[in-house]
Amino acid sequence: MEIAKLIVKKLTSNLSGTDEKEFNSWLHSSHENKELFDRIVLIQKSSKDIRELETLDEITAWNKILQKIEPNRVSQKRMLWARPIFRYAAVFVGLLGFAFWYLFNSVQTPEKMMPIPDKNAITLQLENGEIKELSEDGSSLIKDKEGNLVVIKKGSNLAYSDSVSVEKLVYNTLTVPYARRFGIQLSDGTRIHLNSGSSIRYPVKFIKGVHREVFLTGEAFFEVTEDTERPFIVSSDDLVVTVLGTTFNVKAYPEDKEINTVLVSGSVGLSNKENPSTDSTLLEPGHMASWDKTSNAMAMEAVDTDIYTSWIYGRLVLKRTPFEQIIPKLQRHYNISITNNYPILNDKVFTASYDIETIEEVLGSLNEIIPFYFEVDGNEITINKPEN
């Protein structure tokens, strides 16, 4: 159960670059994995020792789940498997049953468990593990369970204040599902636009004398407030981006082969998290740096920055983009799943721009450039060789 050890290290110390990749790959491979990890985080937030997870036997753990929740499981077997929580547990019986045993050992009944947020909801996880679902309209004051004001939500933006009385680093995590976007104004005035299928962990208030650091998974556009005494740091997988005051875009989805940083204005330094002093690169405005996750190599090129930042305004811009790279963009932008059974398309390049078009209209326009057949069934799309 290597993933057990990775989870414990993730929550109790630091992961190496390789371990971080493996953990992120597991975390983002399914919604169930994400929900399970969130629950383990809640356990840790309640001051429980999670190191026991490393040694639990999976079969014993599974039996404990059944005994804990439903002592008369034999006579009620049919009812058990109708419950969503047991469908999730079944997925992990061969891998992470131990975590569910530990979770249920901390609560007595399913009814007392903290509800799992809608997987299509924008969520804000507070320092104490509490999760708030966010709408994209209206205004509200978001408070923790003790009634303390955490942040003000205005429409699709969160605004943190520097006046909050905090003496240590306290983190929140914003998670945005596919087909959605959300914004944050941090306590120092820095603005962050978070793209679909992304999450970011950040302090509710930056502390004097400590670097301003946030942790990104996915894609975000940053407008950083200048502070010469406290550099702003974006950590994504193996890459660290350090700035003082500038505007730039970072794309670091776990499934992508590269981490791309596009600088619009100012200057940023890029470095390998494990070798920051030897692998440092300075990026100039109008250029993109691409960090290859496999070879740990950096490449730079001049680019049209509008192509890489247009998502902020809801646009999808393609410029000589291979179809293989277009597929994940469409999946995140429209919250769909695409199966391509016509691999000859993968290397075909397309140039186009979209904003209000439906997915059917997008595929229809691409189909006019290079013919292919596609079928839409709900949010599942299948692409095949053209019939003629």
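The values are calculated or read from the model by the stated rules, or taken from the named source; none is laboratory data. Remember, it's a predicted structure, so these values are computed and weren't measured experimentally. Note: ideal-geometry Cβ built from the backbone for every residue, glycine included; neighbour counts use all protein chains shown. Side chains included, ligands, DNA and RNA excluded: accessible areas come from the protein's heavy atoms. Shrake-Rupley method; radii C 1.70, N 1.55, O 1.52, S 1.80 Å.
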Next item on the list: Report the calculated FRET efficiency for residue 297 and residue 167 (r = Cβ-Cβ distance, R0 = 45 Å), to the nearest 0.05.
Entry: 0.60
Margin query: Loop only by DSSP, 15 or fewer other Cβ within 10 Å of the Cβ. Give me the GluC sites (Glu not before Pro) in the stretch 214-258 that pass, ordered by residue number.
Written below: 226, 229, 255
Note to self: Cut-off 15 Å, label point 7 angstrom out along Cα-to-Cβ of residue 265: give me the residues of the stretch 296-311 whose amide nitrogen falls inside.
What the structure shows: 305-306
Next item on the list: Using only the alpha carbons of the stretch 269-373, determine the length spanned along each of the three principal axes and report them from longest to shortest in whole angstroms.
Entry: 50, 29, 23
Next item on the list: Calculate, for residue 335 and residue 312, the FRET efficiency according to 1/(1 + (r/R0)^6) with r their C-beta to C-beta distance and R0 22 Å; round to the nearest 0.05.
Entry: 0.75
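Over the stretch 153-284, with every protein chain in place, what whole percent of the accessible area is carbon and sulfur at 1.4 Å, could you tell me? Let's see the in-between values first.
Details: 2480 of 5340 Å².
On the stretch 153-284, the fraction of accessible area on carbon and sulfur atoms equals 46 percent.
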Check: In percent, what relative contact order does the stretch 254-388 have, based on Cα pairs under 8 Å that are 6 or more apart in sequence?
Finding: 17 percent
Check: Given +1 on the Cβ of Lys and Arg, -1 on the Cβ of Asp and Glu, and no further charges, what dipole in debye does the stretch 319-369 carry about its Cα centre, rounded to the nearest 20?
Finding: 260 debye
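Given a Förster distance of 45 Å, report the FRET efficiency between residue 128 and residue 375 from their Cβ-Cβ distance, rounded to the nearest 0.05.
Details: r = 46 Å, r/R0 = 1.03.
Given R0 = 45 Å and the Cβ-Cβ separation, E is 0.45.
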Note to self: Are there any GluC sites (Glu not before Pro) in the stretch 341-388 that are in a DSSP loop and have at most 12 other Cβ atoms within 10 Å? List them by number.
What the structure shows: 387
Notebook entry, point to check: Within the set 5/143; 205/251; 145/329, which residue pairs have Cα atoms separated by over 31 Å?
Noted result: 5/143; 145/329
